[in-house]
Amino acid sequence: MKALSLRELEATARSLLNPRIHDLFAGGSDDEVSLRANEDAFARLGLIPRVLRGRGEPRLDTDLLGCRVALPIVIAPTAFHRLAHPEGERATARAAAAAGAILTVSMASTTAIEELAQAGGPLWFQLYLQPDRGFTEALVRRVEAAGCKALVVTVDSPVFGRRERDLRNGFTDLPPGMCCENMRPLGPDGERGPARPIAFSPALTWEDVEWLRRTTSLPIALKGVLHPADAKRALESGVDALFVSNHGGRQLDTVPAPLELLPALADALGGRLPLLLDGGVRRGTDALKALALGARAVAIGRPVLWGLAVGGEAGVAHVLALLRSELERALTLCGCGSADDAGPELLHLSRLEQR
Ligand code: FNR
């Protein structure tokens, strides 16, 4: 694998992918203001290193929702991996397992959760709460049985964001032979029915989250909580973590970059819930900045799809290896022996507020 950076890999993926599929993966909603903001926020925030601290080689391993992981970089849930590579999520799951990284399997995965569990790595499952609680509960039982270690409940999608690239390209559905495999209800003999569409509901409330809390003992992370008042409300609902995310700029447009919102959320929570951040993480220095602002881990969405498109399992392995070595180098250059050594003192914060 030749790419020296995720940006190089992205350029190669773009040249290989069908333009409609590339747009589906790369695009954001409306004017793509949030999409651009995500990467820009990292570029605007400077690092001020500490020197001569003698901390030695940095350690990246950590605990996330009860899972011991080799690095604080999680694979965010993204739909339709088989559109990027014929082996789809299977390739992603093998690369994640080999790297000791968590794969968050999307509810819109084109491979069934049971097949991904065979890769042997830690899996989380991303859920859109369905208005049909019976269906949601059956799916939760299914992912529990498959050995998933946590549920990531995406709450920023009461309706689907308007993705104008897809509208322009006429992308409406998966090609024949592919579907959202986990949306196929399992019959009593294990046979799978036809896939249901994923419902997005503006009627969901905190009561639905609390119902889920009562329904499963798996850790629950809420993905897409951005308002400090909602972060405080989340504490009462009994969830275990929050993903600070604007869905990669694909839902409400003009939402600020998660990096910019992280300090206020960390303040509101005062350490009572771990925070993960996704959106625009493309470099080890990006991950370090989020960790220094109080995130326990970051997650990556599109880079995994670019890796898949370029090299299947080896491509995803390359994405994780690049970010791992970049994060190690960034920590070392900042005089940190682990993410715990990285705090806001390393950040040139005044620049984050400037436009
Ligand atoms: C996503 N994302 C997403 N999120 C989710 O909760 N369920 C999903 O099925 C998907 N699907 C999806 C598909 C594609 C093509 C993209 C690009 C994104 C959002 C994803 O989990 C994550 O929040 C962002 O991708 C993070 O931003 P970056 O790393 O792509 O900049």
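Couple of notes before you dig in:
- Remark: I48 matches the filter, which requires a residue to be exposed (fewer than 14 other Cβ atoms within 10 Å of the Cβ) and in contact (Cβ under 8 Å) with a residue 12 or more places away in the chain.
- Going through (1) over 20 Å from L6 (Cα atoms); (2) surrounded by 17 or more Cβ atoms within 10 Å (Cβ to Cβ) one by one, L349 falls short only on (2).
- Test: L346 is among the aliphatic types (A, V, I, L, M) and within 24 Å of the chain's Cα centre (by Cα): no
- Taken together, E191, E207, E181 contain a single residue that is farther than 21 Å from L252 by Cβ, surrounded by 20 or more Cβ atoms within 10 Å (Cβ to Cβ) and acidic (D, E), which is E181.
- A single entry from R55, R68 fulfils the requirement of being in contact with an Asp or Glu (Cβ under 8 Å, 6 or more places away or on another chain), more than 30 Å from E164 (Cα to Cα) and surrounded by fewer than 14 Cβ atoms within 10 Å (Cβ to Cβ): R68.
- Condition check for A43: within 30 Å of G193 (Cβ to Cβ) and either touching a helix residue (DSSP H, G or I) at 6+ places or on another chain (Cβ under 6 Å) or among the small types (G, A, S) (or both): no
- Test: residue in the range 214-224 that is surrounded by fewer than 20 Cβ atoms within 10 Å (Cβ to Cβ), in contact with a Pro (Cβ under 8 Å, 6 or more places away or on another chain) and outside any loop (DSSP other than H, G, I, E, B): no
- Residue within the range 77-89 that is closer than 20 Å to A257 by Cα and under 19 Å from the mean Cα position of the chain (by Cα) present: yes
- If the condition is being under 20 Å from R162 (Cβ atoms) and either part of a loop (DSSP other than H, G, I, E, B) or of a type in the set (A, V, I, L, M, F, W, C) (or both), then the range 225-256 contributes L226, S245, N246, R250, Q251, L252, D253, T254, V255, P256.
- Matching option when the condition is within 12 Å of the ligand (Cβ to nearest atom) and not polar (S, T, N, Q), among A96, A79: A79
- Exactly one residue out of L252, L262, L277, L273 is under 16 Å from R44 (Cβ atoms), touching a residue at least 24 places away in the same chain (Cβ under 8 Å) and away from the ligand (no atom under 11 Å from the Cβ): that is L262.
- Within the range 1-57, being assigned to a loop (DSSP other than H, G, I, E, B), under 30 Å from T172 (Cβ atoms) and not charged (D, E, K, R) holds for L17, N18, G27, G28, S29.
- Failed condition for S157, given (1) within 20 Å of A317 (Cα to Cα); (2) within 14 Å of the ligand (Cβ to nearest atom); (3) hydroxyl-bearing (S, T, Y): (1)
Coordinate-derived values only; no laboratory data. All figures in this text were calculated on a predicted structure; none of them were measured in a lab. Don't worry about glycine lacking a Cβ; one is built from the backbone with ideal geometry, like all the others, and counts go over all protein chains shown.
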